[in-house]
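*Asks:* Here it is: the structure, laid out below.
The values are calculated or read from the model by the stated rules, or taken from the named source; none is laboratory data. Since this is a predicted model, take the numbers as computed values, not measurements. Every residue, glycine as well, gets a Cβ built from its backbone with ideal geometry; the counts of neighbours run over all protein chains shown.
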Amino acid sequence: MIEKLKNDMVVAMKSKDKERLMVLRMVKAAIDLEHIDKKRELNDDLFLDILNKQIKMRKDSLAEFEKANRTDLVEKTQKELEILQEYLPEQLTREEVVAVIEKLFAQIKPEGQKDMGKVMKEANSTLKGKADMKEVSNIIKDKLQ
């Protein structure tokens with residue numbers, strides 16, 4: 001995935017797609033920073049972690065821009081989100097996520113809110129990059145209540 005990112009950066013440079021190039025460079029810089037600062041191995045897991053952080057940052061920014069009625073920044077941020085989401089693996093539907101969580105509940109047999117961490121740990125390893133973890137967390141909270 002990191003190689004695909006580098007190749008796409010070259011394509012964006014050649015086609016003079018400044019916006020796409022800017023977003024891809026931000027992701028590449030974040031990956032390099034994480035690799036160097038925390039001495040993490042360059043692999044697809046690192047790529048997905050960084051990509052999910054970047055997407056979450058933009059979604060949070062999008063909500064703030066919409067509150068402030070900044071349509072110019074909303075459009076720019078939405079375009080950045082679209083570019084980033086191209087690199088995510090195929091996302092599961094809500095029904096598929098619920099099915100996975102049902103299986104986890106059958107395995108773990110949580111007894112209440114105190115077991116939220118156990119379920120989230122397993123859900124994170126199973127669904128990482130395939131679903132919005134905020135939505136997964138909300139589904140698990142609902143099921144635990």
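*Asks:* If you check every pair at least six apart or on different chains, which have Cβ atoms under 9 Å apart with a residue in segment 122-137 that is over 14 Å from Glu95 (Cα atoms) first and a residue that is acidic (Asp, Glu) and surrounded by 15 or more Cβ atoms within 10 Å (Cβ to Cβ) second?
*Replies:* Every condition considered, the pairs that remain are Lys128/Asp49; Gly129/Asp49.
*Asks:* Follow-up question, since we're still on this one. Please find, among Lys56, Lys39, the residue that is of a type outside the set (A, V, I, L, M, F, W, C) and under 28 Å from Glu135 (Cα atoms). Full working, then the answer.
*Replies:* Numbers: Lys39 fails: under 28 Å from Glu135 (Cα atoms).
After applying the criteria, what remains is Lys56.
*Asks:* Another question, then. Here are some conditions: (1) surrounded by 15 or more Cβ atoms within 10 Å (Cβ to Cβ); (2) outside the structural domain of Ala12 (by TED's automatic domain parsing); (3) part of a helix (DSSP H, G or I); (4) under 12 Å from the mean Cα position of the chain (by Cα). Phe105 meets all but one. Which one does it not meet?
*Replies:* Just one mismatch for Phe105, condition (4).
*Asks:* If only one of Val74, Val27 is surrounded by 14 or more Cβ atoms within 10 Å (Cβ to Cβ), outside the structural domain of Met133 (by TED's automatic domain parsing) and touching a residue at least 24 places away in the same chain (Cβ under 8 Å), which one is it? Spell out how you get there, then give the answer.
*Replies:* Values: Val74 fails: touching a residue at least 24 places away in the same chain (Cβ under 8 Å).
The conditions single out Val27.
*Asks:* Can you pull out every residue in segment 1-49 that is touching a helix residue (DSSP H, G or I) at 6+ places or on another chain (Cβ under 6 Å) and part of a loop (DSSP other than H, G, I, E, B)?
*Replies:* Hits for segment 1-49 are Met1, Arg40, Leu42.
*Asks:* Next up: Consider Arg94 carefully, then state whether it is touching a residue at least 24 places away in the same chain (Cβ under 8 Å) and either surrounded by fewer than 14 Cβ atoms within 10 Å (Cβ to Cβ) or over 16 Å from the mean Cα position of the chain (by Cα) (or both). Lay out the reasoning, then the answer.
*Replies:* Details: touching a residue at least 24 places away in the same chain (Cβ under 8 Å): yes; either surrounded by fewer than 14 Cβ atoms within 10 Å (Cβ to Cβ) or over 16 Å from the mean Cα position of the chain (by Cα) (or both): yes.
In short, yes.
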